[in-house]
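Rule-based calculations on the coordinates, nothing more; no lab input. This one's a predicted model, so the numbers in the text were calculated from it and none came from an experiment. Positions of Cβ are backbone-derived with ideal geometry, glycine not excepted, and every protein chain shown enters the neighbour counts.
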Amino acid sequence: MSRIKMSDVAKAAGVSAMTVSRALKHDGRIAPTTRTRILKIVADLGYVPDRIAGSFSSRRSGFVGVLVPSLNNPHFAETAAGLDEVLTRGGLQLLLGYTNYRAEVAERLIETMLERRPEAMIITFDDHTARARQLLLNAGIPVIEIWETPTKPIGHVVGFSNRSAAAAMVQHLIDSGRRRIGFIGERDDKGTRGAERRRGFIDALKAAGLDPSRRLATVAPPINMMFGRDAMTALLEKWPDTDAVMCVSDPCAYGALTACQLIGRRVPEDVAVAGFGDFEISRCSLPSISTVVVSGLEIGTRAGELTLQLLDGSCSDQMLILVDAYTEPRESSKIAG
């Protein structure tokens, strides 16, 4: 990929590079109409000013930009730890950006990081704006998406199919004798990993000839234990004969389990509960919660290793590195009867 340069903007605008520079600095010597036209071309081309140009003769910043949606989710803490360990060995520093699951925040962070010329960008798969994608495609550096296998990757990929993993979990519930299965997810989940898990839920039930309509979308990502509890109560009020529920995450599943205990529904005898992610709480709860196991540490480590290979030229093709994600049946989904 070739990085968009100031000279490209100048050529498109029919002005000099100096005029472009002055427009970006809001220099009063530039006519407002000219500045507006140049800034529109900057946005259309996805040009990002190089803030460190000339500061270092090597033109190397020595850092890798990383975007994660959450700071208190252990998955992303493990991912960052794996990345940091590998990148530090390669003489690179990790610069972490926190998006809070908001595409507009991710776009702003991407632009800010690219202005400082990172060696590479590693971004957690979630809904990206069209401009964010354009900025990354034009950056001229390795871009790695993690925690999913996108159908239209921006660059390289280290992850797994959330959709397939969720479908496998639902198949486990079907195999355990459940037929009236619900799903608790998140609203406004377009383009997210949670949406892929919801699609996997629908895939598995349709393939088995079962009804996939028992779905509740409660809050914007990320759903927590309290909302999981409230959603489970609402789901069982709407569909009281439900015999299993898959939740978009383990914290949500723990809330669902608590709701069952509060209203006198036995788990797993009356209703099975399953989550996603193998959070510690799923292993410690009573009963323990069936879940999808995936290693954030492995994702971070593999992404870090791929980054070093891309930067030293030992790897040039577009890479897809799959990590394992598998169903872990536990007490909350023992075979009915």
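So here's what we get for this one:
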quantity: About the Cα centre, charge dipole magnitude for the range 232-337 (Lys/Arg +1, Asp/Glu -1 at Cβ), debye; calculated: 340
quantity: Extension gain (nm, one decimal) between D188 and A207, 0.36 nm per residue minus Cα-Cα; calculated: 4.3 nm
quantity: The range 48-174: Rg to Rh, with Rh as the Kirkwood radius over Cα pairs; calculated: 1.02
quantity: Gain on full stretching of the segment that runs from R133 to R89 - 0.36 nm per residue minus C-alpha separation; calculated: 12.9 nm
quantity: R0 of 25 Å, Cβ-Cβ distance T112-R199: FRET efficiency to nearest 0.05; calculated: 0.15
quantity: Separation of the A77 and Q261 label points, Cα + 7 Å toward Cβ, nm; calculated: 2.2
quantity: Amide N proximity, the range 297-337 versus R60 label position 7 Å along Cα-to-Cβ, cut-off under 19 Å; calculated: 304-316
quantity: Neighbour-limited loop hits for trypsin sites (Lys or Arg not before Pro), the range 168-213 (at most 13 other Cβ within 10 Å; DSSP other than H, G, I, E, B); calculated: R187, K190
quantity: Theoretical FRET efficiency, 1/(1+(r/R0)^6), r = Cβ-Cβ of R283 and S161, R0 22 Å, to 0.05; calculated: 0.40
quantity: Nearest-0.05 FRET efficiency for K334 and E298, computed from C-beta distance (R0 30 Å); calculated: 0.55
quantity: Globularity index of the chain, i.e. its alpha-carbon radius of gyration over 2.2 N^0.38 Å; calculated: 1.17
